[in-house]
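Visitor: Please find one structure pasted underneath; my questions will follow.
Only the coordinates and a few stated rules stand behind these numbers; no lab work does. Quick caveat, the model's predicted, so the values are computed rather than measured. Positions of Cβ are generated from backbone atoms using ideal geometry, with glycine treated the same way; all protein chains shown enter the neighbour counts.
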Amino acid sequence: MTVGSFDLSGKVAMVTGAGANGGVGHAIALGYARAGARLVICDIDADGLERTRSELGAAAVLARRCDISQGDQVEALFAACNADGCAIDILVNVPFVFPRRSPPHEVALGDWERMFAVNVTGYFLCARAAIPGMLAKGAGAIINIGSNAGASALGRGAFAYSCTKAAVHQMTRELAIEYGRRGIRANAILPAQIRTPGFESHLSNPAFRDGVLPRILEGLPMNRLLEPDDMVGPAIFLASDAAAAVNGVLLPVDGGNLAMNAGGSPGGAAA
C-alpha cells in the first residue's frame, strides 16, 4: 500500500446532506474533492447546497435538492445521475433529524416516524438506488454515518434517535455481508458529539451548557467536542483502496468515548 491508495481520483462520490451548513456532509464533500473525487451532492437546503456546489467548483458534477426520506425524490436523484452519466462509486449517507429529547413514554409517534424516515429509511433508499450501478461495476463503497448513541445507551431523552442509529449500524453489517463477494463494501463511522451548528444551538440553553456539556466532556478522553473535519480522514480512508479489505466495520471516531469504561477516569485522575 502507498499513500496513493488514499487517492479518490476517477471516483464519483455521492454525499447526502452536503449543504454548506457547517455539518459533516459539507466537510466530507469538500474533503473528497481535495482527494480527487468528483461529487454528486444533495440536501434539503437548496441555498446551502448551492453554496457547496460553488465551493466544489468543477468537482461538482451534480447538485440536487432531495429529501432522502422520500422514495420518489431519491429515484429522481439517481435518474439525474444516470442521465448525466454519473455512475456512483461511493455513497455517503449523512442526514439525520432529532426534533426533541423525550423519555420513551413521552415520544410522540410523529417524531418517532420522522426520525426513522430520515435516519434509517433514507439511508436504505439511497443504498438501494446506488447498489445496482455498483454491481454493474463490480465495486463500490457505502459509508453510513452512525453514532456512539447506537452502540451504547445515552439516556437523557435520546431514546428514539439512539434506536435509529442502532438500525443504521445493523443495516451497514447486513449490506457488507450481502454484497462483499460482489465487490461492494459497507462501513459506518460512529462519531460522538460533533460541534455542528445544530449542536451549537444547544449551548445557548444554560441547562444544557452547564449541566449536560460537562457530562459529555467527561466521557470524551480527548476532553473536547469533535469537529466536522474530524470525520473527513476516516471517510476518505473507508472510500479508498487503502480500505480494500475493510468491510462491515463500525468505526468509532469518538475521541475514545466507546473505549472508556463508565467508571473510568481519563488522564490518570485519582480514583
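Visitor: With a point put 7 Å past each Cα toward its Cβ, work out how far residue 217 is from residue 182 in nm, to one decimal.
Guide: 4.9 nm
Visitor: In vacuo Debye scattering of the stretch 114-182, one point per C-alpha: log10 I(q)/I(0) at q = 0.19 Å⁻¹?
Guide: Here log10 of I(q) over I(0) equals -0.74.
Visitor: Also, I was wondering about something else. With only alpha-carbon pairs counted, each pair once and no self-pairs, how large is the Kirkwood hydrodynamic radius of the stretch 66-184 in angstroms?
Guide: Details: mean 1/r = 0.0660 Å⁻¹.
Kirkwood radius, the stretch 66-184: 15.2 Å.
Visitor: Follow-up question, since we're still on this one. Quick one: angle between helix 24-34 and the longest Cα principal axis of the chain, in degrees between 0 and 90, rounded to 10, please.
Guide: 40 degrees
Visitor: At R0 = 22 Å, how high is the FRET efficiency between residue 9 and residue 137 if r is their beta carbon distance? Nearest 0.05 is fine.
Guide: Numbers: r = 16 Å, r/R0 = 0.73.
Efficiency computed from Cβ-Cβ geometry: 0.85.
Visitor: Calculated FRET efficiency, residue 50 and residue 246, Cβ-Cβ r, R0 45 Å, to nearest 0.05? Intermediate results must be reported in sequence, preceding the final value.
Guide: Values: r = 34 Å, r/R0 = 0.75.
That gives a FRET efficiency of 0.85.
Visitor: Return one quarter of the surface area of the convex hull spanned by the alpha-carbon atoms of the stretch 1-137, equal to its mean projected area, in nm². Present the calculation step by step, with values, prior to reporting the outcome.
Guide: Details: hull surface 38.9 nm².
For the Cα atoms of the stretch 1-137, the hull's average projected area reads 9.7 nm².
Visitor: Which angle from 0 to 90°, rounded to the nearest 10, does the C-alpha axis of helix 46-56 make with the longest principal axis of the chain?
Guide: 70 degrees
Visitor: Averaging sequence separations of C-alpha pairs under 8 Å and six or more residues apart, then dividing by the length of the stretch 1-126, give the relative contact order as a whole percent. It would help to have the intermediate numbers written out before the result.
Guide: Values: 200 pairs, mean separation 32.2, N = 126.
The value is 26 percent.
Visitor: Computed from these coordinates, which is Rg and Dmax of the Cα atoms in Å: (1) 18.4, 62; (2) 29.9, 102; (3) 19.4, 78?
Guide: From the options (1) 18.4, 62; (2) 29.9, 102; (3) 19.4, 78, the structure gives (1).
Visitor: Turning to a different aspect of this structure: Quick one: grab the alpha carbon gyration tensor of the stretch 176-236, order the square roots of its eigenvalues as a ≥ b ≥ c, and give me rounded if a/c is under 1.5, else prolate or oblate depending on whether a/b is larger than b/c. Spell out each step's value before the answer.
Guide: Numbers: a/c = 3.02, a/b = 2.82, b/c = 1.07.
Taking the square roots of the gyration eigenvalues as a ≥ b ≥ c, the stretch 176-236 is prolate.
Visitor: Same structure, new question: If each of residue 67 and residue 82 carries a label point 7 Å out from its Cα toward its Cβ, how far apart are those two points in nm?
Guide: Distance between the two pseudo-spin positions: 2.4 nm.
Visitor: When the helices in the chain are scored as -39500 (n - 2.57) per DSSP H run of 4 or longer and the sum is shared across all residues, what 222 nm value do you end up with, to the nearest 500 deg cm²/dmol?
Guide: Helix-only estimate at 222 nm: -11000 deg cm²/dmol.
Visitor: Cα axis of helix 159-179 to longest principal axis of the chain: angle in degrees, 0 to 90, nearest 10?
Guide: So the inclination is approximately 40 degrees.
Visitor: How do 195, 185 line up, fewest other C-beta atoms within 10 Å first? Walk me through the numbers on the way to the answer.
Guide: On the way: 195 15, 185 24.
Least to most surrounded, the residues fall as 195, 185.
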